[in-house]
Amino acid sequence: MAEDCIFCKIIKGEIPSPRVYEDDKMIVINDVAPAAPVHMLLLPKNHTANVTTADPELVAYMLSKVQMLAEKAGIADKGFRVVINTGMDGGQTVNHLHIHVLGGKALGWPPC
Ligand code: 5GP
Ligand code: ZN
């Protein structure tokens, strides 16, 4: 756990945030400022800064849960977007790896 990391505080329960899903490796919460009708964040329980610092097996594990989560949220049939913002130019604002899953409407492209 990293001090002053908002996602570590959510994982520890110091900041309340309802969990859409939880297992031994990760939690899933809804984004506080959703960019789409469904906007989930997949957070590994162990702090790591981003996708470049994470164990690739952990990233693969998290991605393996996306379809199940999309089905649970009712967005699997029409499709959804999986995003991992990385670093400053990538738009990463919280330096604890997180995978965005967005859906529930037709999403624009490109994102910027
Ligand atoms: P990033 O821009 O780093 O890829 O995404 C960080 C995301 O975390 C943003 O979409 C932001 O709305 C979300 N976020 C930041 N603080 C909180 C929080 O305290 N609770 C929740 N549920 N989401 C948060
Ligand atoms: Zn953290």
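The values are calculated or read from the model by the stated rules, or taken from the named source; none is laboratory data. These figures come from a predicted structure and were not determined experimentally. FYI the Cβ positions are ideal-geometry reconstructions off the backbone, even for glycines, and counts take in every protein chain you see. Calculation scope for accessible area: heavy atoms of the full protein, side chains included, ligands and nucleic acids excluded. Shrake-Rupley method; radii C 1.70, N 1.55, O 1.52, S 1.80 Å.
Can you find a residue that is assigned to a strand (DSSP E or B), open to solvent by less than 30 Å² (accessible area, probe 1.4 Å) and either among the β-branched types (Val, Ile, Thr) or within 15 Å of ligand 1 (Cβ to nearest atom) (or both) anywhere in the range 1-21? Taking every residue of the range 1-21 in turn, none turns out to be assigned to a strand (DSSP E or B), open to solvent by less than 30 Å² (accessible area, probe 1.4 Å) and either among the β-branched types (Val, Ile, Thr) or within 15 Å of ligand 1 (Cβ to nearest atom) (or both).
Residues in the range 23-57 that are open to solvent by less than 90 Å² (accessible area, probe 1.4 Å) and of a type in the set (D, E, K, R) were compared, and the one that is nearest to ligand 1 (Cβ to nearest atom) is Asp31. Taken over the range 81-112, residues that are touching a residue at least 60 places away in the same chain (Cβ under 8 Å), within 21 Å of Cys8 (Cα to Cα) and open to solvent by less than 50 Å² (accessible area, probe 1.4 Å) amount to 5. Please tell me if Ala70 is within 16 Å of ligand 2 (Cβ to nearest atom), among the small types (Gly, Ala, Ser) and over 20 Å from Glu14 (Cβ atoms). In short, no. Taking into account only those residues within the range 61-80 that are part of a loop (DSSP other than H, G, I, E, B) and hydrophobic (A, V, I, L, M, F, W, C), which is surrounded by the fewest Cβ atoms within 10 Å (Cβ to Cβ)? Looking at the filtered set, the residue picked out is Ala76.
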